[in-house]
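Only one structure is covered here, and it is reproduced in the block below.
The values are calculated or read from the model by the stated rules, or taken from the named source; none is laboratory data. Fair warning: this is a prediction, and the values are worked out from it, not measured in the lab. Please note: Cβ atoms are built from the backbone with ideal geometry, for glycine as well, and neighbour counts cover all protein chains shown. Calculation scope for accessible area: heavy atoms of the full protein, side chains included, ligands and nucleic acids excluded. Shrake-Rupley method; radii C 1.70, N 1.55, O 1.52, S 1.80 Å.
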Amino acid sequence: MCSIYEATGATSGHLSQIRNSSVHHVEKSRLTSKWQATTMCNMDVQRVKDFTKPSYPDRKEFLRNRNLLGAVLLGTGLVTSACNKTETVHRTQGIVAQPARRLSGVILESPQPAKEAPPQPGDKPSR
Amino acid sequence: MDVTLCLTHACNMRCDYCYAGPKFARSMSWDTARRALDFAFAHTAEQAERTQHDPESQLGFFGGEPLLEWNLLKMATEYAVAEAGRIGIRLKRTVTTNMTLLGEEEALWLRENGFHVGLSLDGCAKMHDLVRRTSDGNPSHEICARALDFFRGSDANGEVILVVDPRTVELLAESVAWLIDGNIRRISFSPNFTVAWNPVALAKWKHAYTLIGDLYVGCYRNNRPVNINVFDGKIHARVNNGYRPCDRCGFGENEITVSTTGNFYPCERLVGDDSNAALRIGHVSDGFYSAPRNQFLANRGNVVAECSVCPVRGRCVNWCGCVNYAATGFINRVSGIVCYHERLCIEAADRVGGILFEENIPAFIDTFYLGCHR
């Protein structure tokens, strides 16, 4: 039987398969002995087979990244207080922490190396 | 322990999909209500002592239409507040109503008494009037929607509950847009899992969740977040690595529903017309019936083998006993339609969650990462 996800893609073959699919076979138990299963739904449980991890983090990951960025910002701040901006970039090995719009809700971009200058005419290709 | 009182089987509406059973004129007596509250509070105090937690309880009113028994509702609330205060129980209060009898006086009283109000309204008139008719067969949207005025804005003490049904699902996104336009900020979907959903209706459902997801994203971008249970629940479950024990209902353990005649059920969805003895777990006169209650507690969960290897099982409500029972006849077997809907919600929630996180929307970060879990 095709999956329901495929069915919502709605080819006629899929749809007829779904329509003809059998209802759950259920045995009687004490709890349901007086209950007639008149409301069975016409599809089966389907395990998710192609699950993609969500693109937003869980809380633990979020807080870890935030703390990491906090440390980077703090480090940058300390260095900045002792030297000029150019030196800061130099002493943090080109890493520049980007403050987010608000500290409590930072988007936690990983610190990226400073970009190189765009190639100029006559530059040799880098190896 | 949470306790819901089914104040009456009577209702002035005849909604096609109502799971509360046939409508007839039988209401709860004051004596039954009082004994039910006494039982629930005694149990709450005992539980709190055993677990060394602060005693908490939630008092709910259900029906039929509970506002038909307005005086009983008020009397029971006043008694419950006094008793809870005396014992030291923190008491939350909820009521679910079809809104037809919810005038200014009632809304004000509910607000002053700290109620969270579940407003049964299927969004816009076109969707609502298809299935929610008065007892004499007339459309009811105009009457019901008047009460919305008391519940607009983000600090409103009410949420609108829309039943999602195959007959109305194509109007769902339009209804949500209508509610958001009307400054309703809390919206819950309650799918009808007891009917057959054909593939066309399923496709419409999926499409509706995509459109509603776009509305949800737009609200966050405009810094006017809206709570929609199918998105919020799944995003919270992602952020917290699955549902937590406190997200799950008490189902006979920490929660009972008391019928008009004093019978205890694990959930209000199982009361029906109060005739199914197999679903009862006690009575106000006798307390809990140990054997059937223990069987309910032992059978909770989900035994469908396919689910045990599903990668999203931690974010799935396959454990909801009343929904399982309604759809399969077993409290511990999830149905295909619930499975379909859970996958749909997770897919839709992850799409909007990904967008809002990527855009670093402050309200989103606050709600799901830094704020309290709702």
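See the values below:
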{"quantity": "Extension gain from B:LYS126 to B:VAL200, taking 0.36 nm per residue of separation minus the Cα-Cα distance", "calculated": "24.7 nm"}
{"quantity": "Full-extension gain in nm, B:ASN241 to B:ASP38, via 0.36 nm per residue minus C-alpha separation", "calculated": "69.3 nm"}
{"quantity": "Label-to-label distance, nm, for residues given as B:ASP273 and B:ARG221 (7 Å Cα→Cβ offset)", "calculated": "5.2"}
{"quantity": "Separation of the B:ARG248 and B:SER154 label points, Cα + 7 Å toward Cβ, nm", "calculated": "3.3"}
{"quantity": "Members of A:LYS60/B:LYS206; B:LYS126/B:LYS204; A:LYS60/B:LYS92; B:LYS23/B:LYS206; B:LYS206/B:LYS234 lying beyond 25 Å, as alpha-carbon distances in this model show", "calculated": "A:LYS60/B:LYS206; A:LYS60/B:LYS92; B:LYS23/B:LYS206"}
{"quantity": "Amide N proximity, the stretch B:279-306 versus B:ARG50 label position 7 Å along Cα-to-Cβ, cut-off under 18 Å", "calculated": "B:281-283, B:286-300"}
{"quantity": "Cα→Cβ-extended label distance, 7 Å offset, between B:GLU358 and B:ARG111, nm", "calculated": "4.1"}
{"quantity": "Solvent-accessible area per residue for the stretch B:229-374 (1.4 angstrom probe, square angstrom)", "calculated": "33"}
{"quantity": "Helix-only CD estimate at 222 nm, as mean residue ellipticity for chain B, using -39500 (n - 2.57) per DSSP H run (n ≥ 4)", "calculated": "-12500 deg cm²/dmol"}
{"quantity": "Per-residue SASA entry for B:CYS307, accessible area with 1.4 Å probe, Å² rounded to 10", "calculated": "20"}
{"quantity": "Three-way shape call for chain B based on the alpha-carbon gyration tensor, with the a/c threshold at 1.5", "calculated": "rounded"}
